[in-house]
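The values are calculated or read from the model by the stated rules, or taken from the named source; none is laboratory data. Please read these numbers as outputs of a predicted model, since none were measured by experiment. Every residue, glycine as well, gets a Cβ built from its backbone with ideal geometry; the counts of neighbours run over all protein chains shown. Ligands, DNA and RNA are stripped out before the accessible areas are found, and what is left, the full protein with its side chains, is counted by its heavy atoms. Shrake-Rupley method; radii C 1.70, N 1.55, O 1.52, S 1.80 Å.
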Amino acid sequence: MKVVTGVVGNDIHVVANRLIELSLQARGFEVFNLGVNTYLEEFVDAVIETDADILLISSLNGEAEGWARELKILKSKYGSLLDDVVFMIGGNLVVGTGTAEDIVPRFKNYGFDLVFHQVDLNTGLDALEDFMKERNK
Amino acid sequence: MSQVNENTNDKLLIDVGSTYFKMSTSKGVEQHFRDFNKDIFDDLTYKCGDTINAYEKEDVYICSSANGGLSTLIIGISNSFSLKYATNIAFNSGINIIDTVLNKDIDTTSRPSELIDVVIVVGGIDSVSKIFDEKLFNFLNDINYSNIVYVGSKKEAPYLSENIENLVVLPNIITNKLHVEEENLKEYLTNLYQADIMGKEDIKHLYDITSNQIFSTPYIVNKTLPYIGSKFTVANPYILIDIGGATTDIHYSKDLVDENMVTENEYDRLVFKKLGVYKSKESLIFAAKNNEFVYELLAHLKVTEHIFDETSEKATTILMQLAIFLVLCKVSTYRKAYINLKLHALNSIVFTGGISKVLKPEEIEDIVSFFYQKILSSQHNPNIVMDSNYDIWTLGVKEK
């Protein structure tokens, strides 16, 4: 399966980004890593160009809310072309404090299927694999 | 005559612009205003025949931006990759007129009525298929074009070749890592430019005086930029602005953009196709009048908008200053064009073309300062470098 990944917005966490790429590859995914400082539109466009199955956005400095909340608008621009894509976001998603109970539904409302706030990488990727298995049954 | 050349290892370099001919020999550079009632070749040989006749054909090197350039329509599947990469390659190949269509919107896009020189179809990494469908073919049936090239996913190429007549298929410009691969398309477009010259009555005779390939001027300038340090003290990152009679070109260091684009060349180009001080004067004035800061700028320059109606030397100077201001606006976050440049990080601005013959350095510095203060609220002052003797162009032709 193909995954487009990268770090959204003004965020330069290159080490985390590389770890995510390596972990995805170790699990057998074909990875397209856009790196750090990536705009939301570039992520969606990369999914289109690669015909990816999954978009996995990470955000480590908490700015995801400002950079990722227009996902629904971008998805609607491409219409049915993105119907089968799984949208996932994980990391430290908000600046300041906040609980997963508040944050997860908010990001799902932005258009993400899977949301992981302050959850360790492998737990998040396990959940992604379970989700994909369930969906492809 | 050839003895002279052997002794001096001399070359004759000619640039045919939309407004002027420029000619460089070992004795210096001269320029001549074009007579638009005459064929380019006749005008050139009438004004510079003696000099031209003093050289063998193999010692004459010509570049030109006078054939109007190729008009290009790019059809891609995303703004950030296929359209952006193809546009970037087209600009760097010296093409001035570029329109783009996003494939998902193709059935609702209005059909251009004019003849398009080349249509570029692009999209997807090599493993992707089923990208395009009959909507593309319907669109292509509705428009007039002379050439069509496909530079997208390898897997999609057979399907498109079956359905599009005379389709040229080249290797994908999007690599499997989503980077840009520009060489094949660039070579194709550069060759098309040659073919275009050969087909234009008023310019093809230029091959009567040279046995070397005629390149487009912006392509030559772009090739020169890595060597610019040999002629000027320029601190990277920099931009080079060439304000001509019909268009304005900007060549910029890659460090000034954050875009997801990796190429071997360190400098990219973009063009404002209706921004010039002679042939495109009317559209320049129109753009100026639509800029909210222009009246403040005119006041700063101590003139009124009546200057737009004048044809004096002073009016030309003001138009050139306006052109600088508008171009900087267009590449700043204030007016987003094809790309935004990080102008706060800019160390030098190099000016070439006719502008370097008309404006004094202090007049340019004044406008650049005004732009930084008004638009970017900054005291930043990049170093101004003037290519007053067309060294960039001559260096580029020699390197070529």
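Worth pointing out:
- Amide H partners (placed H, <5 Å) of residue B:169, local residues excluded: B:150
- Dipole magnitude of region B:32-158, debye to nearest 20 (Cβ charges: Lys/Arg +1, Asp/Glu -1, about Cα centre): 540 debye
- Max mean-square fluctuation residue, GNM over chain B, Cα-Cα springs under 10 Å, options B:168, B:368, B:180: B:168
- Packing here is the average count of other Cβ atoms within 10 Å per residue, and on that basis the peptides A:24-32, B:14-22, highest first, run B:14-22, A:24-32.
- Each peptide in B:44-57, A:59-72, B:92-105 gets a packing score, the mean of other Cβ atoms within 10 Å over its residues, and the list from highest to lowest is B:92-105, A:59-72, B:44-57.
- Exercise: per-residue mean of other protein chain Cβ atoms within 10 Å, A:2-9: 1
- Ligands, DNA and RNA are left out, and with a 1.4 angstrom probe the accessible area of chain B is 43 Å² per residue.
- Within the shell defined by Cβ-Cβ distances under 14 Å, the residues around residue B:202 carry a net charge of -3, with Lys and Arg each +1 and Asp and Glu each -1.
- The protein assembly as shown, accessible surface, carbon-and-sulfur percent (1.4 angstrom probe): 47 percent
- Averaged over the residues of A:43-56, the number of partner chain Cβ atoms lying within 10 Å of the residue Cβ comes to 5.
- Ranking B:251, B:139, B:385 by how far each Cα lies toward the positive end of the dipole of the protein assembly as shown (charges on Cβ) leaves B:385 at the top.
- Inter-site label distance for residue B:381 and residue A:131 at 7 Å from Cα along Cβ, in nm: 5.5 nm
- Residues of region B:105-144 buried by at least 40 Å² on assembly (accessible area, 1.4 Å probe, chain alone as reference): B:125, B:128
- Förster radius 25 Å - calculated FRET efficiency between residue A:69 and residue B:155, Cβ distance, rounded to 0.05: 0.10
- Taking every residue in B:71-81 and counting other chain Cβ atoms within 10 Å of its Cβ, the average works out to 4.
- Protein accessible surface hidden between B and A, which excludes ligands and nucleic acids, total in Å², probe 1.4 Å: 1400 Å²
- Antiparallel DSSP beta bridges within chain B, as percent of all bridges there, nearest 5: 40 percent
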